[in-house]
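Down below is the structure, laid out as structure tokens.
Each value in this text was obtained by applying a stated rule to the coordinates, not by laboratory testing. Keep in mind that what you see is a predicted model, and the values were worked out from it rather than measured. Every residue, glycine among them, receives a Cβ derived from its backbone with ideal geometry; neighbour counts consider all protein chains shown.
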Amino acid sequence: MAGETIAIIGAGLAGLAAGVYAQMNGYRAHIFEHHSQPGGVAATWRRGAYTIEGGIHFLMGHRPGNPMYDLYRQLGTAAPGSVVNMEDYGRFVDETSGRIITLSSDLDRLGADLKAFSPADAGAIEDLVACGKAMRGPELWSLGMGDPPELSPWWGQIKQLWALRRVFRFYGGKFGRPVVEFSKSFHDRWLQQVVNNLFMPEVPVWFVGMLLGLLADRQMGLLVEGSHGFVQPIVHKFKSLGGQISYNATVEEIVVEDAAAAGVRLADGAVHRSDVVISAADGHSTIFKLLGGHYADAKTKARFRDWRLVRPFVMLSFGVAREFPGEPHFTAFLLKEPLQVGRQTIGGLGLRIFNYTDRFAPAGKSVIQASFESEWDHWNALQNRDRSAYDAEKARCAQEVLRRLDARFPGIASQVEVTDVATPYTTWRYTRNWQGAYEGWLPTARQIMTPVTRTLPGLRSFVMAGQWVMPGGGVPPCLVSGKQAIQILCKWHRKSFVTG
Ligand SMILES: Cc1cc2nc3c(=O)[nH]c(=O)nc-3n(C[C@H](O)[C@H](O)[C@H](O)COP(=O)(O)OP(=O)(O)OC[C@H]3O[C@@H](n4cnc5c(N)ncnc54)[C@H](O)[C@@H]3O)c2cc1C
């Protein structure tokens, strides 16, 4: 059969999904993974008696009735009891003024709570809530899970627009603008910060509306066993369908013969030949290193030169001998005492408390995790120059953050049993994502709406998947991109695509 064997680069979510659908469709897939574990950025690791979550915050579409759930089911990762529904989005705290707000999944209540803080902002708050309500329901997600650009003819795009007519107005005008611009009209400065940080300030307003819609539909959940519990069933499904994975197998080159991908060469020199290659790895190294930049057209080069990347972050996890009953799973703090890291002043911290599950810490203990955005250059330069300076900076950040947490949770500093600090450099080291961009391209209003093709001009038998072809990344889009890679192959090989 033409195109029978596939080499897949990367065992992140996209590579694993491509592997499962490849096996379902009669191909023989072999995944080559740089790290010793599957999952890519959807990573979980052990530190002593504690489990540290390095990835997925919330799972979208975790219940039946949404096409995302169908995708998880096809991939074998929709076990009952594996997800706790998010009853609220989290809490925002301004340490200076003492103001606190919990963002309810009841959108009317959310609107009322926000308006109670600032009646003068009622108009903008009502817009946000209206957008969230409009984005409820599964139809939008059916569209997002459709065909890749290569398989979507112009009439398909018209059909999509028609199906979107109910919410069409929410994709343009004020709702199509970046949140950070929309929020400029807010009179209340703190509320403005809250709105900006509902996700990333650069995303369009409709994106935040979409998250609110999912929350209201009870389609946002927390993973009981973390990313590990989500990834392992997909690995299991892939292997049970006959797929093969090699770990610690870094691909150094994509072998090209007669303008067609013909296999991969690993760092140890071994060459694995295949009929097709799918790269579900970092986009920059795939195009400019593994393929030597030979197939980068002007559009691709411009994207890597001009597009903005997701800002990398530092994640500080503490295993502590205490519990946090009643604390929300997520709190965003606007700090009274900002933190200086490199050239940056860090004004806020995100805080995850894993108190919704007993799988992360022994009884009576907990994992608490703070994070902040931080520059790639700072950490990369430190690491390259002097490993001990890099380690010292990690330790200093941990201490500074802990001191601020101690003011919030008195005594915590003396209850710490385990400290784990992951920097942008850590993200690169374990996943090879360019400049530590853990979700690839920043989902700005423009970038998120720009389709990125999965194939490269002049190169046959090669497809890309993952967050570097799905601007903004995210669990469902990356899984879908793996599925789409196999849809493209089936089209090439004139086969019907199947999902079971
Ligand atoms: C902290 C964090 C929180 C997140 N929260 C959410 C969330 O709440 N909800 C949500 O939907 N999404 C979330 N995401 C985003 C989502 O997890 C990612 O977008 C998605 O998992 C990316 O999958 P991927 O397969 O495209 O890429 P990756 O996970 O980067 O996988 C690529 C794989 O390729 C391997 N690789 C790279 N180069 C090579 C090479 N040369 N040879 C062999 N292997 C190679 C890497 O080691 C890696 O395993 C979060 C991400 C992070 C980091």
When each of K115/K336; K237/K483; K289/K483; K133/K483 is checked by Cα-Cα distance, pairs over 22 Å: K115/K336; K289/K483; K133/K483
The chain - charge dipole about Cα centre, Lys and Arg +1 at Cβ, Asp and Glu -1, debye rounded to 20: 760
Estimated inter-spin distance, N85 and E181, nm [label 7 Å along Cα→Cβ]: 3.7
Inter-label distance, nm, simple model (7 Å from Cα along the C-beta direction), H294/R403: 5.5
Local electrostatic count at H493 - Lys and Arg +1, Asp and Glu -1, tallied over other residues with Cβ under 10 Å: +1
C-alpha long axis of helix 475-492 to longest principal axis of the chain, angle in °: 10
Projected area, mean over directions - the range 313-431, Cα convex hull, nm²: 7.6
Around E202: net Lys/Arg minus Asp/Glu count, Cβ-Cβ under 10 Å: +2
Whole-number percent relative contact order across the range 106-217, with pairs defined as alpha carbons under 8 Å at least 6 apart: 41
Signed unit charges on C-beta, dipole axis of the chain, positive-most listed residue M145, V231, H329: M145
Three principal axis lengths of the chain [C-alpha, angstrom, descending]: 66, 56, 44
Centroid-to-centroid separation of the range 169-219 and the range 55-87 [C-alpha atoms, Å]: 24
Alpha-carbon centroid distance for the pair the range 440-477 / the range 367-400, whole angstrom: 30
Longest segment of the chain lacking trypsin sites (Lys or Arg not before Pro) that sit in a DSSP loop with at most 11 other Cβ atoms within 10 Å: 1-342
Loop-resident sites, the range 254-307, for chymotrypsin sites (Phe, Trp or Tyr not before Pro), counting at most 16 other Cβ within 10 Å (DSSP): W307
Whole-number percent relative contact order across the chain, with pairs defined as alpha carbons under 8 Å at least 6 apart: 24
